[in-house]
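**Q** Okay, here's the structure, questions in a sec.
The values are calculated or read from the model by the stated rules, or taken from the named source; none is laboratory data. Only a predicted model underlies this, so the values are computations on that prediction, with no experimental measurement involved. Here the Cβ is made from the backbone with ideal geometry for all residues, glycine too, and neighbour counts use every protein chain on show. All accessible areas refer to the heavy atoms of the entire protein, side chains included, with ligands and DNA or RNA removed. Shrake-Rupley method; radii C 1.70, N 1.55, O 1.52, S 1.80 Å.
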Amino acid sequence: MGEVKIFDKKKQGYVFNIQNYSVHDGPGIRTIVFLKGCPLRCKWCSNPESQSRQPELAYNSNKCIGINECMWCVEVCANGAITIEASADDINRIKVDRNLCNNCLKCADVCPAKALDVFGVLRSVNEVMDIVEKDNIFYSRSGGGITLSGGEPLMQADFAAALLKEAKRRRINTNIETCGHADWESMEKVCNYLDNIYMDIKCIDPVKHQEFTGVSNEKVLANFKKLTNCFPNIAVTVRTPVIPGFNDSEEDILAIINFIKGIPNVKYELLKYHRLGEAKYGYIGREYLMETKSVTDQQMATFNELVKRYFK
């Protein structure tokens, strides 16, 4: 076990969302703190706004009140990245040229309708934990607590560890959702303050993993083994998002089962592919590349039966 360090409560990190009353991200009712930054580029990612480590400009044209009412963003943009786009409803709205935008975010500061907004705010440990602690009554009654998610929380390992340490000081149950692709030192740092960990193992095949996520699964698999050996008291839930054309065969699921089965304190959970984050790609000027149908309910039932054979 690594050395336990003292963390500054004023330590800051980039947070892009804090979600209350979740019941799917750890035991009980939980508050999820979403941290910026991810080393993966999964084709199906439902939080594309999480991938960059820095604050990112978002534009939702449906919220734009039109240039007849407002020209503030055009006037404040020094790079000429914001121009006028004619629309069929006669409400001429703006468009953002991402090649010219330098991400100064001044336009978001002046947008009265919040059509221009920012994904990612710099927050201190105390700021985040004061928000989280407001729901303490739900945690005590349900066994819930704080869950760090993203993105990948281990991209901000010092900040994540400081949040978890402060949560433990406040007697709040802790969990983290991780893709597992990180240096072991970063994972070890947060494990000192974890009650639970949700870790993705998306695929055992290294070639497919590289193709669909942009990185090898070598660190993921090695970190899982180290995690279960070095921190046997942490409750581990391995999760696999079932993605058509990637890992939606019995062979794929069985390969993961065989890798993790028989290890104490480990559960396994399958997540059905969805397209709920698709609209956010447009907000940040990107294309959603995962053109595919979902897995069927029958497929998921078959896969879940496999899981039940090995995990009670």
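**Q** With Rg and the Kirkwood Rh both taken from Cα atoms, where does Rg over Rh land for region 150-268? Spell out each step's value before the answer.
**A** Working: Rg = 14.4 Å, Rh = 14.8 Å.
So for region 150-268, dividing Rg by the Kirkwood Rh gives 0.98.
**Q** Please list log₁₀ I(q)/I(0) at q = 0.16, 0.17, 0.23 Å⁻¹ for region 130-199, using the Debye equation with identical point scatterers on the alpha-carbon positions.
**A** Normalising to I(0) and taking log10 leaves -0.50, -0.56, -0.96.
**Q** What distance in nm lies between label points placed 7 Å from Cα along the C-beta direction at Met71 and Gln19?
**A** Reported label-point gap for Met71 and Gln19 is 4.0 nm.
**Q** What are the ³J(HN,Hα) couplings of region 26-38, residue after residue, when phi is run through the Karplus curve with 6.51, -1.76, 1.60 and θ = phi - 60°? Round to Hz, x for glycine and proline.
**A** So the Karplus estimates, Gly and Pro as x, are x, x, x, 8, 10, 9, 9, 10, 9, 9, 6, x, 8 Hz.
**Q** Still on this structure, please answer the following. So with the 1.4 Å probe, I'd like the accessible area per residue for region 101-204, rounded to whole Å².
**A** Result: 38 Å² per residue.
**Q** What figure, in Å² to the nearest 10, do you get for the accessible area of Phe311 with a 1.4 Å probe and non-protein molecules left out?
**A** Near enough 30 Å² of accessible area.
**Q** Can you tell me the equivalent ellipsoid semi-axes for region 47-103? Use √(5λ) from the Cα gyration tensor, largest first, whole Å. Mind showing how you got there, number by number?
**A** Numbers: eigenvalues 100, 41, 17 Å².
For region 47-103, the ellipsoid semi-axes come out as 22, 14, 9 Å.
**Q** Let me ask you something else. I'd like to compare 172-183, 272-283, 105-116: which one has the highest average count of other Cβ atoms within 10 Å, and what's the full order after that?
**A** Working: 172-183: 22.8, 272-283: 14.7, 105-116: 16.9.
For the peptides 172-183, 272-283, 105-116, the packing ranking is 172-183, 105-116, 272-283.
**Q** Further, regarding this structure: In straight Cα distance, which lysines are under 30 Å from Lys63, not counting same-chain residues fewer than 8 positions off?
**A** Within the straight-line cut-off, Lys63 pairs with Lys36, Lys43, Lys95, Lys106, Lys114, Lys280, Lys293.
**Q** Hey, what's region 232-312 come to in accessible area per residue, 1.4 Å probe, Å²?
**A** Value returned for region 232-312: 56 Å² of accessible area per residue.
**Q** Something else about it: P(r) tail for region 238-300, what percent of Cα pairs lie past 16 Å?
**A** For region 238-300, the share of Cα pairs beyond 16 Å comes to 55 percent.
**Q** In addition: So how far apart, in nm, are the two label points at Arg170 and Trp184 if each is 7 Å from Cα heading toward Cβ?
**A** Label-label distance for Arg170 and Trp184, simple model: 3.3 nm.
**Q** Quick one: Karplus J couplings for region 48-54, per residue in order, coefficients 6.51, -1.76, 1.60, θ = phi - 60°, nearest Hz, x for Gly and Pro?
**A** x, 5, 8, 5, 6, 6, 9
**Q** Please report, to one decimal in angstroms, the Kirkwood hydrodynamic radius of region 82-171 built from all distinct Cα-Cα pairs.
**A** 16.8 Å
**Q** Work out, step by step, the length gained on full extension between Glu218 and Asp158: first 0.36 nm times the residue separation, then minus their alpha carbon distance; give nm to one decimal.
**A** Working it through step by step, the gained length comes to 19.3 nm.
**Q** Could you point to the label whose value was computed as semi-axes √(5λ) of the Cα gyration tensor in Å for the structure here, given (i) 40, 21, 20; (ii) 49, 22, 19; (iii) 36, 25, 17?
**A** Label (iii) holds the value from this structure.
**Q** Taking region 165-265, which trypsin sites (Lys or Arg not before Pro) meet the DSSP loop condition and have no more than 16 other C-beta atoms within 10 Å? Please list the in-between numbers first.
**A** Working: sites: Lys165, Lys168, Arg169, Arg170, Arg171, Lys189, Lys202, Lys208, Lys219, Lys225, Lys226, Arg239, Lys261; in loops: Arg170, Arg171, Lys202, Lys261.
Taking region 165-265 and a limit of 16 other Cβ atoms within 10 Å, the loop trypsin sites (Lys or Arg not before Pro) found are Arg170, Arg171, Lys261.
**Q** Using alpha carbon coordinates only, what is the Rg to Rh ratio of region 12-73, with Rh defined as the Kirkwood radius? Please list the in-between numbers first.
**A** Details: Rg = 16.0 Å, Rh = 14.6 Å.
Reported Rg/Rh, Kirkwood definition of Rh: 1.10.
**Q** Accessible area of the chain with a 1.4 Å probe: how many percent of it is carbon plus sulfur?
**A** 49 percent
**Q** Using only Cα atoms, what is the ratio of the radius of gyration of region 208-312 to 2.2 N^0.38 Å?
**A** Taking N as the residue count of region 208-312, the ratio is 1.21.
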